[in-house]
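Below is one structure, written out as structure tokens; comments come after it.
What follows is calculated from the coordinates using simple rules that are stated; it is not laboratory data. Bear in mind that the values here come from a model prediction, so they are computed numbers and not experimental data.
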Amino acid sequence: MMISSSNNNIPEIYGNSRNLELIRNMKQHERIPHACLFYGETGSGRKTLAQYFAMTALCTGNSAPCGICRNCRKILHRSHPDLIFPAHSGKKQGFSVETVRNVCQDALTAPNDGDLKIYLFTDCDNISIPAQNTLLKLTEEPPEHVILLFTAQVKSVFLETMLSRMMQIAVNPCSRKDCEAALLSRGISPTDTRNAVRACGGNIGQALQWLADEDMQALTRHVTDFTNAVFTRKHYEILRILHHYEKDRQKALKFLRLVSLQFRDAMIFKYYPNFNQNPNQDFILTGCDRDSARALSTILTTSRAIQLQDAVRDADTAIHANVSTKLALAAFGGRLLF
């Protein structure tokens, strides 16, 4: 997540220090790749890191990114003519073949303000195979002045032929401590900061969304209550909570995803009971409530943990396959009662 620094114009990015060092070293040694993919969960800062990459590549200062050269200032003000964001298009709001063809044609034109022209394709999770095939030649042999950047939740949305032609950088949520610092720097109260970090871990983007979204706050409360209900084997409570999501497919999918993360955290507590003593591992907790995950860990066996995750996966798969959300959740709840 990008926060304006109080000392200068250089953006501050919390976490991902190794990625930042990698980008700076590539600039310093003039080994900037012509195509790069930034992938990670929503809110982790994929687009922020990609824009940092673009600023570093275009920077003309002595220490890139300097934040004060003409190119850096234009990027910070979102007015640089050579940092181009292709528009989402098509039925799934990915990138249509027509959009990609226009990019390929425009790429032949020289940059306006410098030596490089950068195209940043954001949120490529729905990019189609025909669009990728159209991009393939440009990705493999772009003009010397062209850099192609992509962001997505997972790299598997791209064809292997595309992946083989681009550098791949995993973007991870930062530590909870860094997340707290980022929220406090934006003037968010300590109480709200603690609640947001408790719900969202080290994902700054999701924490900000959580603070602004009452529905998301209710969702995380339900997930916490659900985890406790699984721990205490309160069957009625499990079914009562699932009932809230029977009529909303998208909310049901979000609920299942957060439940899966809670189950994952419970296994971390089970196998690394002293893990909280190592702050460097803090970032690997991704669920929305530590206490309930820790409690659940005390009764889990390996086979039971696998059963829980299998139940979540099967419910998610069924809903994605357009099975009735009500039936999918009923089956999911039933598998948790044994």
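At a glance:
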read-out	value
Principal-axis tilt of helix 214-232 within the chain, Cα atoms, nearest 10 degrees	40
Shape category assigned to segment 213-335 from the gyration tensor of Cα positions, a/c cut at 1.5	prolate
Global form of segment 33-179, assessed from the alpha-carbon gyration tensor, a/c cut-off 1.5	oblate
Choice from TYR272, TYR245, TYR52 with maximal GNM fluctuation in the chain (Cα, 10 Å cutoff)	TYR272
For ILE84, distant residues with modelled amide H under 5 Å away	ILE118, TYR119, LEU120
In Hz, Karplus ³J(HN,Hα) per residue of segment 245-261 (6.51, -1.76, 1.60; θ = phi - 60°; x = Gly, Pro)	10, 5, 9, 9, 4, 5, 5, 4, 5, 5, 4, 4, 5, 5, 5, 4, 5
Extension gain (nm, one decimal) between ARG257 and ILE299, 0.36 nm per residue minus Cα-Cα	13.0 nm
Option label - P(r) over Cα pairs in 20 Å bins from 0, in percent computed here, alternatives [x] 31, 56, 13, 0; [y] 27, 52, 20, 0; [z] 32, 60, 8	[y]
24 Å Cα-Cα threshold exceeded, pairs from LYS47/LYS254; LYS47/LYS117; LYS155/LYS254; LYS27/LYS177; LYS247/LYS270; LYS155/LYS247	LYS27/LYS177; LYS247/LYS270; LYS155/LYS247
Nearest-ten-degree value, helix 129-140 long axis tilted from longest Cα axis of the chain	40
Segment 114-193 versus segment 304-338: alpha-carbon centroid distance in Å	31
Cα gyration tensor shape for segment 128-206, rounded if a/c is under 1.5, else prolate or oblate	prolate
